[in-house]
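Below you'll find the structure, written out as structure tokens, and then a few comments.
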Amino acid sequence: MQFNTNLILLLLIGVNPWHGKCSLDIHSKNVTKRQTNNQENFIFGLQRSHVEESRYFEQYDFIIAGSGPGGCALANRLTENPKWNVLLIEAGDVETTLQSIPVAAPYLVLSKYNWGYKAEQQNQTCLGREGQRCAVPHGKALGGSSVIFFLMHTRGNPRDFDRWAEAGNYGWTYNEVLPYFIKSERANIGKYSDSPFHNKNGLWGVSFNSERTPLVKAFVKANKLLGLAEIDYNSDQNLGVAYVQANTLNGRRHSAYKAFLEPILNRPNLHIMVNTRVTKILINPQTKTAYGVEIRRNNKNYRITAKKEVILSSGTFHTPQLLTLSGIGKKQNLNKIGIPILQELPVGDNMHDHYAFAELMFVTNKTTNYGIMTYLNNFLQFFNGRGLLTLPSGTEAFSFIKVPTNNSYGEKVADIELIFSPGGVHFDRGFGITNGGRMRRDLYDAVYKPMEDTNKDVFLISLMLFHPRSIGRIEIPSANPFADPKVYENMFINEEDIESLLYGIKYVLKLIKQEPFRSIGARLHSIPLPLCSHIHFATDDYWRCAIRAMAFSIQHQVGTSKMGPKSDPTAVVDPELKVHGINNLRVVDTSIVPEAPTAHTNAISVMIGEKAADLIKHDWHRM
């Protein structure tokens, strides 16, 4: 079903949400915060929540550096103990109205809520991206990437977590982490809500889309004809087809900030700093004990200390950066940037990611005529939690398939996720997806611009590779805490990853031949990529070329502070998330995940935060 995104562009251009400004005053006993503008803004009927506190202290029980999804959940659970004071520090700001519109997700990577990083240029990949550098989005806001990501709520396969435990990470089997997934969830997913795998009374919204287009129903039926069962992919099943479960509540994005922080802003033992950079962890070099952080705020430097622990929840890029700036990392990297070695650990290595390919666009013989009244109707429906604006990033369904040649994770573990989206790259005339994904404009003009005036419904089926064999890394280029980390994706250094995606493409082309798609005349958009036009279109070699040109990271990087026992030379933190060799320092984000999971990473990040809270409570319950 075709829907126009010009309304979203109007929101981007026309809305100028108020952002509260804050200043710090240093006193002898504490750090206080003045709210210089106490205004609340209402935009299109949606209230922008903002963070308010009356004072900051010089010392807390716990300091959480970074407010990724895991950090938000952790801050909520730790402040359940009224005797503990918690400071949460975030480099970004509070989300605004635009973030609440699920279909607007592709545009948020163009906002100030994304750090805007680019992978380093490497040969034979990202050839169709500007400067041959793929975008690697990373959230910069309270709630981290949950504020800009595509809202997909997927936990992973039970085998993922059992593999972690088999590698020496006690306490992380599927049966041991499942209660933490369930704990946070407020499920509104039809018949699945009442299953033992779900919870209707948690803090974090998980919902089915309020709308289902005729096209998505064809996708589900066609997958069934190829032998896939319709499943709840957040149960213990992983191979099948399913409608999307999204992190939405009443048709709006439900970020980790909205779920875990906004309801507790009045807790006196929780203080939150926004627009503040943590620049270093304070560590006693004799005892190797973390005791606080250095921060940069309003162009001034401050130190704040922690009585119990410093906890990093800054994500796969910034957690290794903070560790390195504090003298914890690889000898070669630390020597290169002139930071004395406090603890040698493989920080920044072992970066796993999911690679995606989104060049399979299909045209139908159906026409859906949308006039201005229909656009207005969808906008009005949004306020009642319905309409096309509630579709998370325009995505409606998944199917999870197995690559026959890949059995490293087991026969019942999916290797590829197919992502079904009504619509096409061209619907905003090359603005959102093209710019957000750094697509070369000449490629857009050649392949997609001819479709801008079509009146036929189109749809995309994108592929995501769950378990690439190619491994990347993060490098910290400077002792300057404001220097961007270098991201080396190393995409397709193992060419078996290309063959796995090729298998997925062939499955999609077989899927389109099934009766539900034949009945609407679905056919592949057949303008070849100029970079691959020398190869006969739609042959295996053409698709291999197209994968190298257009595959991209889907912002699921994990593993750069890998969890593992002391005996594991590739590990940075132990199974209790404590940094090896350093006291009172933990990591609570997806940088601890040992390998790419069979899932998008947002739900896993929250699960880590929930579990970390119990680990910390256990350690400090008598203090």
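The values are calculated or read from the model by the stated rules, or taken from the named source; none is laboratory data. Note that the coordinates shown come from a computational prediction; the quantities given were computed from them, not determined experimentally. Neighbour counts are summed over all protein chains in view; Cβ atoms, including those assigned to glycine, are modelled from backbone coordinates with ideal geometry. When the accessible area is computed, the model is the full protein with side chains, heavy atoms only, and any ligands, DNA or RNA have been set aside. Shrake-Rupley method; radii C 1.70, N 1.55, O 1.52, S 1.80 Å.
A compact table of results
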| read-out | value |
| --- | --- |
| Failed criterion for residue 399 (all others in (1) polar (S, T, N, Q); (2) closer than 30 Å to residue 475 by Cβ; (3) at pLDDT 95 or above hold) | (2) |
| Among the candidates 546, 538, residue that is closer than 30 Å to residue 450 by Cβ, surrounded by fewer than 23 Cβ atoms within 10 Å (Cβ to Cβ), hydrophobic (A, V, I, L, M, F, W, C) and over 24 Å from the mean Cα position of the chain (by Cα) | 538 |
| Any hit, the range 264-274, residues being in contact (Cβ under 8 Å) with a residue 12 or more places away in the chain, open to solvent by less than 10 Å² (accessible area, probe 1.4 Å) and more than 29 Å from residue 89 (Cα to Cα) | no |
| Residue within the range 486-493 that is touching a residue at least 24 places away in the same chain (Cβ under 8 Å), closer than 23 Å to residue 125 by Cβ, over 20 Å from the mean Cα position of the chain (by Cα) and open to solvent by less than 50 Å² (accessible area, probe 1.4 Å) present | yes |
| Answer from 466, 459 - the residue that is out of contact with any helix residue (DSSP H, G or I) (no Cβ under 6 Å at 6 or more places or on another chain) and closer than 20 Å to residue 504 by Cβ | 466 |
| Looking only at the range 578-595, and only at residues there that are of a type in the set (A, V, I, L, M, F, W, C) and closer than 14 Å to residue 66 by Cβ, the one that is farthest from the chain's Cα centre (by Cα) | 585 |
| Qualifying positions in the range 512-535 - assigned to a helix (DSSP H, G or I) and either surrounded by 17 or more Cβ atoms within 10 Å (Cβ to Cβ) or among the hydroxyl-bearing types (Ser, Thr, Tyr) (or both) | 516, 517, 531, 532 |
| Inter-residue pairs, beta-carbon under 7 Å, first assigned to a helix (DSSP H, G or I) and in the range 312-326, second open to solvent by less than 10 Å² (accessible area, probe 1.4 Å) and at pLDDT below 95, 6+ apart | 315/144 |
| Residue in the range 224-250 that is farthest from the chain's Cα centre (by Cα), counting only those that are farther than 15 Å from residue 395 by Cβ, assigned to a loop (DSSP other than H, G, I, E, B) and not hydrophobic (A, V, I, L, M, F, W, C) | 227 |
| Residue 560 being open to solvent by 40 Å² or more (accessible area, probe 1.4 Å) and touching a residue at least 60 places away in the same chain (Cβ under 8 Å) | no |
| Residue that is open to solvent by 10 Å² or more (accessible area, probe 1.4 Å) and not small (Gly, Ala, Ser), where the choices are 286, 245 | 286 |
| Residues (acidic (Asp, Glu) and under 21 Å from the mean Cα position of the chain (by Cα)) located in the range 165-218 | 185 |
| Residue in the range 249-263 that is nearest to residue 229 (Cα to Cα), counting only those that are touching a strand residue (DSSP E or B) at 6+ places or on another chain (Cβ under 6 Å) and open to solvent by 10 Å² or more (accessible area, probe 1.4 Å) | 249 |
| Lone unmet requirement of (1) open to solvent by 30 Å² or more (accessible area, probe 1.4 Å); (2) over 30 Å from residue 448 (Cα atoms) for residue 585 | (1) |
| Matching residues in the range 226-240 - criterion: being touching a helix residue (DSSP H, G or I) at 6+ places or on another chain (Cβ under 7 Å) and farther than 23 Å from residue 205 by Cβ | 226 |
| Residue 509 part of a helix (DSSP H, G or I) and buried (at least 17 other Cβ atoms within 10 Å of the Cβ) | no |
| Tally, over the range 567-579, of residues that are open to solvent by 30 Å² or more (accessible area, probe 1.4 Å) and either closer than 19 Å to residue 291 by Cα or in a strand (DSSP E or B) (or both) | 2 |
| Subset tally (residues that are over 15 Å from residue 120 (Cβ atoms) and touching a Lys or Arg at 6+ places or on another chain (Cβ under 9 Å)) for the range 459-485 | 2 |
| Hits in the range 549-572 (condition: over 23 Å from the mean Cα position of the chain (by Cα) and of a type in the set (D, E, K, R)) | 566, 568 |
| Per-region count, the range 111-141, residues assigned to a loop (DSSP other than H, G, I, E, B) and within 20 Å of residue 392 (Cβ to Cβ) | 4 |
| Answer residue from the range 251-297, given it is of a type in the set (D, E, K, R) and part of a helix (DSSP H, G or I) and is farthest from residue 140 (Cα to Cα) among those | 262 |
| Only listed residue being assigned to a helix (DSSP H, G or I) and more than 25 Å from residue 111 (Cα to Cα), chosen from 470, 500, 478 | 500 |
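Residues are listed down the side, and each one gets a yes or a no for (1) among the small types (Gly, Ala, Ser); (2) open to solvent by less than 30 Å² (accessible area, probe 1.4 Å):
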position	(1), (2)
170	no, no
178	no, yes
189	no, yes
193	yes, yes
197	no, no
203	no, no
207	yes, yes
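Each row is one residue, and each column tells you yes or no for (1) surrounded by 24 or more Cβ atoms within 10 Å (Cβ to Cβ); (2) in contact with a strand residue (DSSP E or B) (Cβ under 6 Å, 6 or more places away or on another chain).
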residue: 92; (1), (2): no, yes
residue: 96; (1), (2): no, no
residue: 115; (1), (2): no, no
residue: 119; (1), (2): yes, yes
residue: 133; (1), (2): no, yes
residue: 146; (1), (2): yes, no
residue: 158; (1), (2): no, no
residue: 183; (1), (2): no, no
